[in-house]
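Presented below is the structure to which this report refers.
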Amino acid sequence: MIILVTGGCGFIGANFVRYERAHHPSDRLVVIDAITYAGNLHNLDGLESEITLVRGDIADAPLVEQVLRDHGVEVVVHFAAESHVDRSIVGPAEFVRTNVVGTATLLERSRTVGIKRFLAVSTDEVYGDLGPQDPAFTEGTPLGPRSPYSASKAASDHLCSAWFHTYRLPMLLTRCSNNYGPYQFPEKLIPLMILNALDHRPLPVYGDGLNVRDWIHVEDHCEALDRVLRHGRDGEIYNIGGRSERTNLEIVRQVLALTGRPESLIQFVTDRPGHDRRYAIDGSKIERELGWAPKRPLEGGLAATVEWYQRHESWWRTILSGEYRTWYERNYGARVQAI
Ligand code: NAD
Ligand code: TYD
């Protein structure tokens, strides 16, 4: 198979590229990534000669079509997105551009080129907010996004569904809970808390810290995506969860215990506007239909993740200093722009 991975220089995309290289070495991988602040070529270190990387914007229709045709792409796995809720509150326009216009562009070019399979990677946040006793989200839960991020992802999901029903584009959609693991950009809860703890800086907890997320290790997510890509049914939606609901405070306390730092580093700060209280995934469909369930319990996965960040200090130091951006332009800027 020749697979186009959009957003392959980001957190989950890069882990997916690594997963596919390890499990399906005969497939060819082409990555398209705009290399925004969240894209980092170091996430693909060691794979330079094994994949094709194109620096480009998924909203650039002629470029997308050229990449699909020139590389004979058969399958698209679509990760590229603006992905951080806090950034979407401060600057929603970029979220609409990439997550809505970008997805529409990719779908339309995939249709005209005749792509065999299109897997769209989405989030449980499109379902909205749950109370403590509410049942978990199923694939049939009506969408109720409440942040500019989740609203733009919901729009993206609707477009994917429209391209399936209207044009019969062979599309599948997954909605996953909160990921953690190697290569996650340190703006999201877990890596931010790990790095602040390692550097003895305060850990900013929004509101009362009792918001609940269902955490999944990124490798489990990648395995589920691979299963859906190869065995899922066209037009179907699959929820993917980690069976690990925790409050933010529980996560932060575990990070402090794993890094050997005191709980006095916890600092309660002003809550995020419109902060969703709880997300929870009912993953019974993917389990029943595709025989997939998460393997990594949160406690072990979190310990391994803390260790990963401890062992890869140069990876995150260049991010904190901003040096990863200039390094990229110096070493690769011109080369990866050329197809
Ligand atoms: P990320 O922010 O780490 O990476 C996004 C990648 O997309 C970056 O490499 C960035 O450069 C690239 N990108 C952004 N705009 C682009 C554009 N216009 N054209 C081409 N590339 C562009 O995000 P992530 O956490 O890896 O998430 C990947 C996908 O998975 C997203 O669609 C997200 O909504 C979804 N998702 C994430 C989570 C999570 O917990 N992180 C959970 C469920 C679903
Ligand atoms: P985040 O990793 O941004 O993911 P999402 O908002 O998409 O679920 O945040 C996870 C939870 O952690 C969320 O309830 C907000 C909270 N949070 C903090 O309390 N402090 C922080 O500094 C961050 C980034 C998040």
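The values are calculated or read from the model by the stated rules, or taken from the named source; none is laboratory data. Since the model is a prediction, treat every value here as computed from it, not as a measurement. Here the Cβ is made from the backbone with ideal geometry for all residues, glycine too, and neighbour counts use every protein chain on show.
Here are the numbers for the structure shown:
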{"read-out": "Filter result for residue 245 (more than 13 Å from ligand 2 (Cβ to nearest atom), of a type in the set (Asp, Glu), in contact (Cβ under 8 Å) with a residue 12 or more places away in the chain and on the phi < 0 side of the Ramachandran plot)", "value": "no"}
{"read-out": "Residue match in region 112-125 (condition: of a type outside the set (D, E, K, R), out of contact with any strand residue (DSSP E or B) (no Cβ under 7 Å at 6 or more places or on another chain) and crowded, with 19+ Cβ neighbours inside 10 Å)", "value": "no"}
{"read-out": "Within region 211-242, tally of residues that are out of contact with any Gly (no Cβ under 7 Å at 6 or more places or on another chain) and closer than 23 Å to residue 189 by Cβ", "value": "9"}
{"read-out": "Options 244, 284, 264; residue that is modelled with pLDDT of 95 or more, within 20 Å of residue 205 (Cα to Cα) and surrounded by 14 or more Cβ atoms within 10 Å (Cβ to Cβ)", "value": "244"}
{"read-out": "Check on residue 193, farther than 24 Å from residue 273 by Cα, more than 10 Å from ligand 1 (Cβ to nearest atom) and buried (at least 24 other Cβ atoms within 10 Å of the Cβ)", "value": "no"}
{"read-out": "Residue match in region 228-238 (condition: within 13 Å of ligand 1 (Cβ to nearest atom), of a type in the set (Asp, Glu) and over 19 Å from residue 8 (Cβ atoms))", "value": "no"}
{"read-out": "Subset of region 151-171 that is of a type in the set (Ser, Thr, Tyr) and surrounded by fewer than 20 Cβ atoms within 10 Å (Cβ to Cβ) - its residue that is nearest to ligand 1 (Cβ to nearest atom)", "value": "161"}
{"read-out": "Selection status of residue 108, within 11 Å of ligand 1 (Cβ to nearest atom), surrounded by fewer than 21 Cβ atoms within 10 Å (Cβ to Cβ) and among the acidic types (Asp, Glu)", "value": "no"}
{"read-out": "Scope region 196-219; condition within 16 Å of ligand 1 (Cβ to nearest atom) and surrounded by fewer than 22 Cβ atoms within 10 Å (Cβ to Cβ); matching residues", "value": "211, 212, 219"}
{"read-out": "Residue within region 99-115 that is in contact with a helix residue (DSSP H, G or I) (Cβ under 9 Å, 6 or more places away or on another chain), of a type in the set (A, V, I, L, M) and more than 22 Å from residue 71 (Cα to Cα) present", "value": "yes"}
{"read-out": "Answer from 101, 113, 90 - the residue that is of a type in the set (A, V, I, L, M), near ligand 1 (Cβ under 10 Å from one of its atoms) and on the phi < 0 side of the Ramachandran plot", "value": "101"}
{"read-out": "Complete set of residues in region 30-42 that are surrounded by 23 or more Cβ atoms within 10 Å (Cβ to Cβ) and either under 18 Å from residue 76 (Cβ atoms) or away from ligand 1 (no atom under 12 Å from the Cβ) (or both)", "value": "31, 32, 33, 39"}
{"read-out": "Residue within region 65-83 that is touching a Pro at 6+ places or on another chain (Cβ under 8 Å) and either farther than 19 Å from residue 13 by Cβ or of a type in the set (Ser, Thr, Tyr) (or both) present", "value": "no"}
{"read-out": "Matching entry among 135, 182, 148 (being surrounded by fewer than 18 Cβ atoms within 10 Å (Cβ to Cβ), at pLDDT 95 or above and not aliphatic (A, V, I, L, M))", "value": "135"}
{"read-out": "Residue in region 222-239 that is within 16 Å of ligand 2 (Cβ to nearest atom), outside any strand (DSSP E or B) and in contact (Cβ under 8 Å) with a residue 60 or more places away in the chain present", "value": "no"}
{"read-out": "Strands (runs of 3 or more DSSP E) within region 164-206 that include 3 or more residues away from ligand 2 (no atom under 15 Å from the Cβ)", "value": "171-176"}
{"read-out": "Residue check for residue 250: part of a helix (DSSP H, G or I), away from ligand 2 (no atom under 16 Å from the Cβ) and either within 24 Å of residue 136 (Cβ to Cβ) or of a type in the set (Gly, Ala, Ser) (or both)", "value": "no"}
{"read-out": "Test: residue in region 75-91 that is away from ligand 2 (no atom under 16 Å from the Cβ) and without any contact (Cβ under 8 Å) to a residue 40 or more places away in the chain", "value": "no"}
{"read-out": "Top-ranked residue in region 134-163 [being of a type in the set (D, E, K, R) and in a helix (DSSP H, G or I); ranked as farthest from residue 277 (Cα to Cα)]", "value": "157"}
